[in-house]
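The values are calculated or read from the model by the stated rules, or taken from the named source; none is laboratory data. Note that the coordinates shown come from a computational prediction; the quantities given were computed from them, not determined experimentally. Every residue, glycine as well, gets a Cβ built from its backbone with ideal geometry; the counts of neighbours run over all protein chains shown.
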Amino acid sequence: MQLSNIFLARCSAIGKIMSEPKEKHPKLVHQDHLLSIAELESKIEATKNKETVTYAKQVNKLVDLKSKTDLLKLSSEKIHLSKTCLDHVYSWIKEQPEFYGKSVNFKSKYTDKGNICEDDSIKLAARYYGWGNVEKNTVRMYNDFLTGEADIVLQESIEDIKNSWSQATFPLFSTDIPIDGYGWQGQGYMELYDKNKFGLVYTLMDAPENLIMREAQNKQRELGLEDLEADLYDEVALSMSYSHYPIELRIKRFGLDRDKSCMDAVKYRVDDIRKLIDQL
């Protein structure tokens, strides 16, 4: 089956496709095999006494190694991708019109809060970092191997907004971009929008009322209460509210510079994925 769409790596998924397999690459296995043959041939050639048992064992070992060379060479030409990468590719294929034609959107209370609070998070970040009057970007970008839609496009940088569920998940003391996938995502955005700076901004916002009510009702059921008491609701609401804290405890930005060499690796990986899709 020929798919109508060409695979493009979504910036948010570059970290998945760039994950490395646990097994050694077949090309490296093949190279090591050839090196072992060369070393053994040199050892055999340097042996003066050809009548020893050791010499005979070395010759037999060389024959055995050479018998495996063609098979290892054939394996070295295979596309070598991690399980994480393959799972993402298989999901992408199933989203295409020729298959099921729809994506399965992951949803949780964490993503709910992020989506609901996104506009307020952007306003908080804009005020704190002096971005001026900015709005969420809605323009999706494409090139030959990437696609992505950044949150904020500034003159000098791309900014991505993440909303933490609670202080437990807020990276207050972290000094680097906490998840490698976001580093790849940032490099992808900088490539697409041709910017040299990327900022990953975490905010800690008050939870919206519907999420507070949901958590309060869950707590009510856990405690075996027939009705949701006002005191319990207030306790849950306070635990999910952060606007009374200093802003320095509610916002954190991680910076990343553009590394164009990263995109060469992504291009090669996308090429491999497209070859795999053609084979499938």
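Answer with yes or no whether GLN217 is more than 20 Å from the chain's Cα centre (by Cα), over 30 Å from LEU3 (Cα atoms), surrounded by 15 or more Cβ atoms within 10 Å (Cβ to Cβ) and of a type outside the set (A, V, I, L, M).
Yes.
Could you say whether any residue in segment 22-32 is hydrophobic (A, V, I, L, M, F, W, C) and within 29 Å of VAL270 (Cα to Cα)?
Yes - at least one qualifying residue is present in segment 22-32.
Whether any residue in segment 50-64 is touching a His at 6+ places or on another chain (Cβ under 8 Å) and part of a loop (DSSP other than H, G, I, E, B) is what I want to check.
no
Only one of SER19, SER12 is touching a residue at least 24 places away in the same chain (Cβ under 8 Å), part of a loop (DSSP other than H, G, I, E, B), small (Gly, Ala, Ser) and within 30 Å of TYR189 (Cα to Cα); which?
So the residue among SER19, SER12 that is touching a residue at least 24 places away in the same chain (Cβ under 8 Å), part of a loop (DSSP other than H, G, I, E, B), small (Gly, Ala, Ser) and within 30 Å of TYR189 (Cα to Cα) is SER19.
Determine whether segment 116-130 contains at least one residue that is small (Gly, Ala, Ser) and without any contact (Cβ under 8 Å) to a residue 40 or more places away in the chain.
yes
Residue by residue, here is whether (1) of a type outside the set (Ser, Thr, Tyr); (2) under 21 Å from GLU118 (Cα atoms) holds:
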{"residue": "PHE145", "(1), (2)": "yes, no"}
{"residue": "GLU149", "(1), (2)": "yes, yes"}
{"residue": "SER157", "(1), (2)": "no, yes"}
{"residue": "LYS162", "(1), (2)": "yes, yes"}
{"residue": "SER166", "(1), (2)": "no, yes"}
{"residue": "PHE173", "(1), (2)": "yes, no"}
{"residue": "LEU192", "(1), (2)": "yes, no"}
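Quick one: would you say TYR182 is within 20 Å of THR111 (Cα to Cα) and either of a type outside the set (Val, Ile, Thr) or not in a loop (DSSP other than H, G, I, E, B) (or both)?
Against the criterion (within 20 Å of THR111 (Cα to Cα) and either of a type outside the set (Val, Ile, Thr) or not in a loop (DSSP other than H, G, I, E, B) (or both)), TYR182 qualifies.
Quick test of your reading of the structure: ASP278 fulfils all but one of (1) in contact (Cβ under 8 Å) with a residue 24 or more places away in the chain; (2) surrounded by fewer than 17 Cβ atoms within 10 Å (Cβ to Cβ); (3) not assigned by TED's automatic domain parsing to the domain that holds GLY130. Name the failing condition by number.
Evaluating ASP278 over (1) in contact (Cβ under 8 Å) with a residue 24 or more places away in the chain; (2) surrounded by fewer than 17 Cβ atoms within 10 Å (Cβ to Cβ); (3) not assigned by TED's automatic domain parsing to the domain that holds GLY130 leaves (1) as the failure.
Tally time: how many residues in segment 172-204 are more than 16 Å from the chain's Cα centre (by Cα) and surrounded by fewer than 17 Cβ atoms within 10 Å (Cβ to Cβ)?
Number of matching residues: 7.
List pairs: first in segment 192-212 and assigned by TED's automatic domain parsing to the domain that holds ARG253 and within 30 Å of ASP264 (Cβ to Cβ), second part of a strand (DSSP E or B) and among the hydroxyl-bearing types (Ser, Thr, Tyr), Cβ under 9 Å, 6+ apart or cross-chain?
Matching pairs, first to second residue: LEU192/TYR142; LEU192/THR147; LYS195/SER157; ASN196/SER157; LYS197/SER157; PHE198/SER157; GLY199/SER157.
Specify which of the listed residues (ILE37, ILE79, ILE93) is of a type outside the set (Lys, Arg) and assigned to a loop (DSSP other than H, G, I, E, B).
Answer to the check: ILE79.
Kindly provide the set of residues from segment 94-106 that are within 18 Å of the chain's Cα centre (by Cα) and either among the aromatic types (Phe, Trp, Tyr) or at pLDDT 95 or above (or both), ordered by number.
The one that is within 18 Å of the chain's Cα centre (by Cα) and either among the aromatic types (Phe, Trp, Tyr) or at pLDDT 95 or above (or both): PHE106.
Checking the structure you have, find out if any residue of segment 139-149 is out of contact with any Cys (no Cβ under 9 Å at 6 or more places or on another chain), farther than 30 Å from ARG274 by Cα and surrounded by 16 or more Cβ atoms within 10 Å (Cβ to Cβ).
no
Of all residues in segment 243-252, which are touching a residue at least 12 places away in the same chain (Cβ under 8 Å) and more than 12 Å from LEU172 (Cβ to Cβ)?
SER243, ILE247
Would you confirm whether or not segment 107-123 contains a residue that is at pLDDT below 95, within 30 Å of SER4 (Cα to Cα) and either of a type outside the set (A, V, I, L, M, F, W, C) or exposed (fewer than 10 other Cβ atoms within 10 Å of the Cβ) (or both)?
yes
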